[in-house]
Amino acid sequence: MPLDIVLGSQWGDEGKGRIVDLLAAGAHIVARYSGGDNAGHTVTIGDDIFRLHLVPSGIIHPDVTCVIGNGVVVNPAVLLREMDSLAAKGVDVSPDHLKLSKQAHLITPAHVALDGAQERRRGQEAIGTTLRGIGPAYRDKAARKGLRAQLFAEPETLADAVHEHVAECNELLDLYGEPLLDAAAIAAEFAGYARRLAPYLVESTPFLNKALEEGQTVLAEGAQGTLLDLDHGTYPFVTSSYPTAGGALIGLGIGPGAVRRVVGAAKAFTTRVGGGPFPCELSGELAGRLRGTGEHPWDEFGTTTGRPRRVGWLDLTILRHARRVNGLTEMVLTKLDILSGLPELAVCVGYELDGQRIDYFPSDVATLSRVRPLYETLPGWEEDVTNARRPADLPENARRYVEFVARNVGVPIRLVSVGPAREQIVEGW
Ligand code: IMP
C-alpha cells in the first residue's frame, strides 16, 4: 500500500509537474494535497504543452485517477476553465477520471479581492502573492468559517453560505476602502459551478485509503516548495499551506505508515518568485543568462503570473533543510541543461553567520538576510546535454556536478531532467 510523495525542495517551480507525469505511469491515483491555482505545473508531451493549476498532473494518463485532496483550496471558475481546456485537447476529465474532495475549501471572488487589497495595504512589505485568494481562503478555513466543496451538493445551504461569506468580506473591503461585491451575483455564479461540479465530489479520505489497502499506488503531488511552507519556509514570505511531506499526509488524510518514497524535486540552480530573502541571489548578466528571455515556455517566468523569477546559484543548505523537514528518500534534479555553456558553476555549500559557520537554514528572515553564502566552484561543461539519457551520455563535469549535489545533500539523485519533453530524462544513477 505505497504512498509516494513528490514535493518541491526549494521555493516552488522545480518542475514537479513533469516529474509527477513521469512517475504517474506507475501509479493508480495521483492526488494534489495542498495549495490552489497559485501553482502552475507544466507537462510537455510532443507539441502539446499542458499548463495545470489545479488538476493533478497525472490527468494526461488515461488509466490514472486524479484526486484534488482535502488540503487544496479550489477556485471553481479556474477549475472548470482548466477542465474545459483539457477536454478540448481530448483529455478525459469525467468524474471517473477526476475527483474533488468534499472537504476541499473553495476560493471565491471575495477571497481574490481581499488578497489584492491586503497586498496593496502591505506596500513595501508586500509578500508578492499570486493574487489568487489563497491566503484569505486558508484563513477562513483556519477560522472555521470556510466554504467546503461539499456545499456543491447542497444548493440551498450553498446560497446562504455564500451570502454570509460575501457580507462579511464586504465589511473588510469597506474598511480597506475597496469596492464592495454583489453577494447575489456570486451566489448565482456558484450555483452554476455546483451544478457542474457536484458529480465530481468524493469522500476522499476513505477513497484514497481503500485504494492503498487494496495495494494500489497513490502518488501525492505537491505544489509550491519547502521554503514556501507556512511553518518551515521563509515566513512571512510563504504561502498559506503546507507544501512539505507532512502536508501531504494532512492534505490527503493518509497516515505516515503508508509512505514509501519522498521525492524532492530540485532545480539545478535556485529560483524564487515574490518577496523575501534569497541568500544566493544573482543579478546582472549571469542572472539574465539563467532566467532566459521569456520567449520559451521553460524560461524563468511564472507559469501563473508571468512575473520574472529571481535566480541564484544552487544552495545546498536549502536542500539539506528540505531533506530533514521532508524526510527525503531521493531527489530529482531538473533543468541541468540550462547550466551548459557556463565555464564555472558556484554551489553554496553552507552559510556563515556573524563569522561562524552554521549547518542549518535559519527560521527567521532577519537572520537569514544576514547570512553569507559559502561557495565551492565546480568546473562547467560546454556540451549540449539535451540528448543525454544515461549518466554516461553526460560530459564528465555535468556528471560530477550531479554527484557532488547528491553527496553533499545526503540523498541519491535518481533522475535528472535535461529538457522539457517527457523523454528528456537521464536515468540509471
Ligand atoms: P500565494 O500562495 O499566492 O499567497 O503567494 C505567497 C508566496 O508564494 C509568493 O511569494 C508567491 O510568489 C509564492 N508562490 C505561490 N505559489 C507559487 C508557485 O507555484 N511557485 C512559486 N512561487 C509560488
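The values are calculated or read from the model by the stated rules, or taken from the named source; none is laboratory data. Keep in mind it's a predicted model, so treat the numbers as computed, not measured. In this analysis, Cβ positions are derived from the backbone assuming ideal geometry, glycine residues included, and neighbour counts consider all displayed protein chains.
For (1) in contact with a helix residue (DSSP H, G or I) (Cβ under 7 Å, 6 or more places away or on another chain); (2) surrounded by 13 or more Cβ atoms within 10 Å (Cβ to Cβ), each residue gets a yes or a no:
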position: A346; (1), (2): no, yes
position: D354; (1), (2): no, no
position: I358; (1), (2): no, yes
position: A366; (1), (2): no, no
position: P373; (1), (2): no, yes
position: G380; (1), (2): yes, yes
position: A388; (1), (2): no, yes
Can we say H163 is touching a helix residue (DSSP H, G or I) at 6+ places or on another chain (Cβ under 8 Å), surrounded by fewer than 19 Cβ atoms within 10 Å (Cβ to Cβ) and assigned to a helix (DSSP H, G or I)? yes
Verdict on V411 being of a type in the set (A, V, I, L, M), in the same structural domain as G350 (by TED's automatic domain parsing) and within 13 Å of T334 (Cβ to Cβ): no
Output the number of the condition that K210 fails; it satisfies all remaining conditions of (1) surrounded by fewer than 21 Cβ atoms within 10 Å (Cβ to Cβ); (2) within 16 Å of the ligand (Cβ to nearest atom). (2)
Are any residues in the stretch 317-331 closer than 17 Å to R414 by Cα and either within 15 Å of the ligand (Cβ to nearest atom) or surrounded by fewer than 24 Cβ atoms within 10 Å (Cβ to Cβ) (or both), and if so, which ones? R320, A322, R323, G327, T329, E330
Can you find a residue in the stretch 64-74 that is at pLDDT 95 or above, more than 15 Å from the chain's Cα centre (by Cα) and not β-branched (V, I, T)? yes
Restricting the search to the stretch 28-52, which residues are more than 10 Å from the ligand (Cβ to nearest atom) and surrounded by fewer than 24 Cβ atoms within 10 Å (Cβ to Cβ)? H28, I29, T42, V43, T44, I45, G46, D47, D48, I49, F50, R51
Expected single match for more than 29 Å from D364 (Cβ to Cβ), of a type in the set (A, V, I, L, M) and modelled with pLDDT of 95 or more among A245, A266, A258 is A258
Going through V325, V332 one at a time, which residue ends up being within 18 Å of Y401 (Cβ to Cβ), touching a helix residue (DSSP H, G or I) at 6+ places or on another chain (Cβ under 7 Å) and outside any loop (DSSP other than H, G, I, E, B)? V332
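State which residue is farthest from G123 (Cα to Cα) when the search covers only the stretch 134-190 and only residues that are more than 16 Å from the ligand (Cβ to nearest atom) and of a type in the set (F, W, Y).
The residue in question is F152.
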When you go through D337, D299 one by one, which is the residue that is within 16 Å of the ligand (Cβ to nearest atom), under 25 Å from the mean Cα position of the chain (by Cα) and either in a strand (DSSP E or B) or not hydrophobic (A, V, I, L, M, F, W, C) (or both)? D299
It is to be established whether one or more residues within the stretch 217-225 are in contact with a Phe, Trp or Tyr (Cβ under 7 Å, 6 or more places away or on another chain) and more than 27 Å from P95 (Cα to Cα). yes
Per the filter on the stretch 61-120, residues without any contact (Cβ under 8 Å) to a residue 12 or more places away in the chain and either surrounded by 22 or more Cβ atoms within 10 Å (Cβ to Cβ) or among the hydrophobic types (A, V, I, L, M, F, W, C) (or both) are A87, A88
Across the stretch 302-316, which residue is surrounded by the most Cβ atoms within 10 Å (Cβ to Cβ) among those that are assigned to a loop (DSSP other than H, G, I, E, B) and within 14 Å of the ligand (Cβ to nearest atom)? R309
Please go through the stretch 332-344 and give me each residue that is among the hydrophobic types (A, V, I, L, M, F, W, C) and crowded, with 19+ Cβ neighbours inside 10 Å, ordered by number. V332, L333, L336, I338, L339
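Per-residue answers, yes or no, for (1) in contact with a Leu (Cβ under 7 Å, 6 or more places away or on another chain); (2) surrounded by 15 or more Cβ atoms within 10 Å (Cβ to Cβ); (3) on the phi < 0 side of the Ramachandran plot:
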residue	(1), (2), (3)
A185	no, no, yes
F190	yes, yes, yes
L201	yes, yes, yes
T217	no, yes, yes
D229	no, yes, yes
